[in-house]
1. B:E142 passes all but one of (1) among the charged types (D, E, K, R); (2) surrounded by 15 or more Cβ atoms within 10 Å (Cβ to Cβ); (3) out of contact with any Pro (no Cβ under 9 Å at 6 or more places or on another chain); which number fails?
2. For the range A:359-381, which residues satisfy the criterion of being out of contact with any helix residue (DSSP H, G or I) (no Cβ under 9 Å at 6 or more places or on another chain) and more than 10 Å from chain B (Cβ to nearest Cβ)?
3. Give me a count of the residues in the range A:35-80 that are outside any strand (DSSP E or B) and surrounded by fewer than 16 Cβ atoms within 10 Å (Cβ to Cβ).
4. Output the residues belonging to the range A:381-401 that are assigned to a loop (DSSP other than H, G, I, E, B) and either in contact with a Gly (Cβ under 8 Å, 6 or more places away or on another chain) or without any contact (Cβ under 8 Å) to a residue 60 or more places away in the chain (or both).
5. Out of the range A:267-288, which residues are touching a strand residue (DSSP E or B) at 6+ places or on another chain (Cβ under 8 Å), closer than 20 Å to A:F387 by Cα and within 11 Å of chain B (Cβ to nearest Cβ)?
6. Checking B:L253 against (1) touching an Asp or Glu at 6+ places or on another chain (Cβ under 6 Å); (2) crowded, with 23+ Cβ neighbours inside 10 Å, only one condition comes out false. Which one?
7. Condition first: in a helix (DSSP H, G or I) and within 10 Å of chain A (Cβ to nearest Cβ). Now tell me which residues in the range B:289-312 satisfy that.
8. Would you say B:T175 is under 19 Å from the mean Cα position of the chain (by Cα) and part of a helix (DSSP H, G or I)?
Protein chains: 2
Amino acid sequence: MATSTYKQTGALLAASGICTFRVWAPFREKLALLLPESNATYAMERDGEGYWEVQIPGIGAGTLYQFVLDNDLQRPDPASRWQPQGVHGPSAVTDPAGFSFTDAQWKGMDTADMILYELHIGTFTPEGTIDALTTRLPWLQELGITAIEIMPVAQFPGNRNWGYDGVFPYALQNTYGNINDLKKLVNAAHKLGMAVILDVVYNHQGPEGNYLGDYGPYFTDKYHTPWGKAINFDDACCDPVRAFYIQNALMWLDEFHIDGLRLDAVHAYWDSSALHFTQELAAAVQELEMRTGRKKTLIGEIDLNNPRYITPIPNGGYGLDAQWVDEFHHALHSCLTGEQQGYYEDFGDLALLAKSYADAYVYTGQYSVHRKRKFGVKPDQHAYTRFVTFIQNHDQIGNRMLGERLGVLLPFEAQKLSAAALLLSPFVPLLFMGEEYGEKNPFPFFCSFEDADLVQAVREGRKREFAAFHLNGEAQDPQAEEVFASAKLSWQTQAGEHAALLALYQFLINLRKTHAALRNRQRSNTKVHAPVNNAVLV
Amino acid sequence: MATSTYKQTGALLAASGICTFRVWAPFREKLALLLPESNATYAMERDGEGYWEVQIPGIGAGTLYQFVLDNDLQRPDPASRWQPQGVHGPSAVTDPAGFSFTDAQWKGMDTADMILYELHIGTFTPEGTIDALTTRLPWLQELGITAIEIMPVAQFPGNRNWGYDGVFPYALQNTYGNINDLKKLVNAAHKLGMAVILDVVYNHQGPEGNYLGDYGPYFTDKYHTPWGKAINFDDACCDPVRAFYIQNALMWLDEFHIDGLRLDAVHAYWDSSALHFTQELAAAVQELEMRTGRKKTLIGEIDLNNPRYITPIPNGGYGLDAQWVDEFHHALHSCLTGEQQGYYEDFGDLALLAKSYADAYVYTGQYSVHRKRKFGVKPDQHAYTRFVTFIQNHDQIGNRMLGERLGVLLPFEAQKLSAAALLLSPFVPLLFMGEEYGEKNPFPFFCSFEDADLVQAVREGRKREFAAFHLNGEAQDPQAEEVFASAKLSWQTQAGEHAALLALYQFLINLRKTHAALRNRQRSNTKVHAPVNNAVLV
């Protein structure tokens, strides 16, 4: 699993049983390793870049450890691979060789072949575990899914969270399973011819259990963000911070055989460097591809309508493989539901959906009423396979006050139309779990923070957020266990309309895979007919 | 002088004597035009974009006016062309047709042909006026200068300022002369075959007399800058702000026949838009070039070592013609003076000067001790004529506590060596006024603010700034009139070493213009020999 481009940190266990503990803390005077089970401490040595290191023999997987900063703070490891007692407890050593992959024949997958299925481990199955997900892979394969996209699994506070509040980017959420379970999942998917995409959050860290600041300047106040200070991608001492996240990407892609990453909120990678963090990340992943002979895919969530992010590096771009296109969703959603609140005020006209079919982005320089400015440029040099579209996703459902899915918002006929609009499009389609059978359970925002002030702030923040979207009703309490429970899939796939919709999804996916016109998705072969009187789009 | 791409604001006087007053104030309820000389007020009408307008017949050049905001604030015009009573007084109408150019044969100048001469109007001559500068043009022509670069002339508080505290980007500093004087200067330069570059500040506004915020969201708090809030290039309502500055560039280039702009601190154009402000500006200027058949040049001051700014737009760049290269200066200066304070800590090795001759940038990805990070990328696709180099400039002199020039810092032989290092380089050379004869007068920072708190803050800020540079001595008072007076050129061009240096500059400039090897500045024809033992660079 070795990747040598960026300095690895964390507890690096070798086959010999010697474990190298390495952590970056450039401004600390003294660092020590503490093994709480034996109450032994070991002084660490600093190198010229501010990395501290100690090597200890005879360490086994599962050994608990902490770092002691300046004889004062006891802290978990920023690059912890395992937090058995949660975000505030000690870290634990893992064995990178504890699982033997048998997927040597697997070479990865191009976006052109992806039928993506976004899922959340905690709510996809009643068990809410990786193992339970693994047992469902054949069912997804039968549906026609070729790639699952897993919402973030980095360790978060408590046992309920969408995943975007993770604070240990290298650690698998301890309530989902262990690292061997995740490797087993990926191995099984590859056996079934399915790729695995993992959602990772490199634009911010969650608010609770975030101890990075104790170690060094992981954050900068050069930029204001909705989540406070920005990650330090361009200020003094940024190199080890950039390496921390890039090495994280390489860990998932190399050690875990993950096929690609969905990068959360790439527009919030604030970086004025000549070499943008996105580009450095993409170049590192391309180097891994060359070395391993396996295709790896980077898909960005980007709210800028700026094709530079998906332009190849030699052409002056940042080199991502693809990006999410929220505007396709917004255009379709507002036409079908008639909703015009919040950001939907920029949509509602069927011509805008036609524009998205043609240009991917709807706003390519026109004035946006919602943004109060001209927005975007036209991505006319970019293949359709560089754009991921969806009619639902975790955000578009869960950022509604009641978390309603299309299965509740739309009549059955409109659900069928939406499915066709998605699956017969020239873009890379992404389904959100349960969409295929018209799930009626909601997908509200949920969390399980432990810090009382934070819990209160989140509750109030959610209420504020919905001021623009909903005039009536009360926002649910995201901390409530029943809200999390309500988000679990019902798996009511057999009853009338559910079964019919499922069959339609299966049919459309199969059609997409086999029909020549749907496989040949060149821009030059695609013609969008303008709608007449907002009535029909052929 | 009409440029129609961006909405023009200000007092737009037509030949008919009808004057259109237009100003952007999107959140004001009511706007009125006040003509204080007649004490007449006129209600203005708002359009859908938040521009207010009124047309008044019988207006002559010189007519004073103000805008009255919400029946409350009386304010000068953000796009004022003339502030006869300074930054706090009323604006005045100017006649764009008041001067008749006779330079129809002039087609502009490529950077390859530029020998740039940076000057400050207030200190270049004893008179400190545009007219006095105009009389000196033949002398500069004899020296061999082909392009003068004028430090900012936008109206600033008081009568003494470098120009970077300007608050009326469209108004010519009232103590320098009037707009016809500036046009006469440009016309005369063109007659002598010389180009005129104007320094413009679009990254911030000065701290005193800045009334933009009363009119609308010209600023955003998305970014922290050394000067407070950033100009709003990407937040809500940014379109009219972008247009305000682009229209300003077009005014100087079109109405004033200016050949190019030196853009101050382009790295501080904070903009996450898909269409970067720099690119939109460059495209607008290119459109003007096409329309007028005259070459216009944009030169950026950019501290990012990111060649994207000078990459042509079709190649994914922002389309500037050239940029300043501070690192050439730093490499040479630290070798010659032995200085290692402040940012000079990154230099001092002759090999770094050799690197600058080869790559323009010194830092192309290596670790910078001063910046505490890896910095820059290599601009290997970019012609030498895209880089402006210098051995002195206003900043490098004036940002020293005592404002000493090389004429004081270096022995005579080293001054001659510097001149050759600059003028025989493959880059576009820029001299700072007086350098050509080894001026010994300093060029300290000076200003004449009227706001007492600001004066104190500036005094203290200067002292803090010099903590890194100078261990001993007292920072001068930038407000003192004698400090300004001390910055005036002595014009001691006749005495011994002065005359000899002047002759050398003249000789080297002539050699540069006539010697085939120095005219053929292709990258492929240039070879930099590595220095041996920091001893010699051939």
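The values are calculated or read from the model by the stated rules, or taken from the named source; none is laboratory data. Predicted model only: the values in this text are computed from it and were never measured. Note: ideal-geometry Cβ built from the backbone for every residue, glycine included; neighbour counts use all protein chains shown.
1. The one condition B:E142 does not meet is (2).
2. Selection gives A:D359, A:Q366.
3. Filtering the range A:35-80 for residues outside any strand (DSSP E or B) gives A:36-39, A:44, A:47-50, A:57-63, A:70-72, A:76-80.
Among the residues that remain, those that are also surrounded by fewer than 16 Cβ atoms within 10 Å (Cβ to Cβ) are: A:36-39, A:47-49, A:57-58, A:60, A:62, A:70-72.
Residues flagged as outside any strand (DSSP E or B) and surrounded by fewer than 16 Cβ atoms within 10 Å (Cβ to Cβ) within the range A:35-80 amount to 14.
4. Selection gives A:M401 alone.
5. A:A268, A:Y269
6. (1)
7. Just the residues of the range B:289-312 that are in a helix (DSSP H, G or I), to begin with: B:289-292, B:307-310.
Within the range B:289-312, B:P307, B:R308, B:Y309 meet the criteria.
8. Details: under 19 Å from the mean Cα position of the chain (by Cα): yes; part of a helix (DSSP H, G or I): no.
Here the answer is no, as B:T175 does not meet what is asked.
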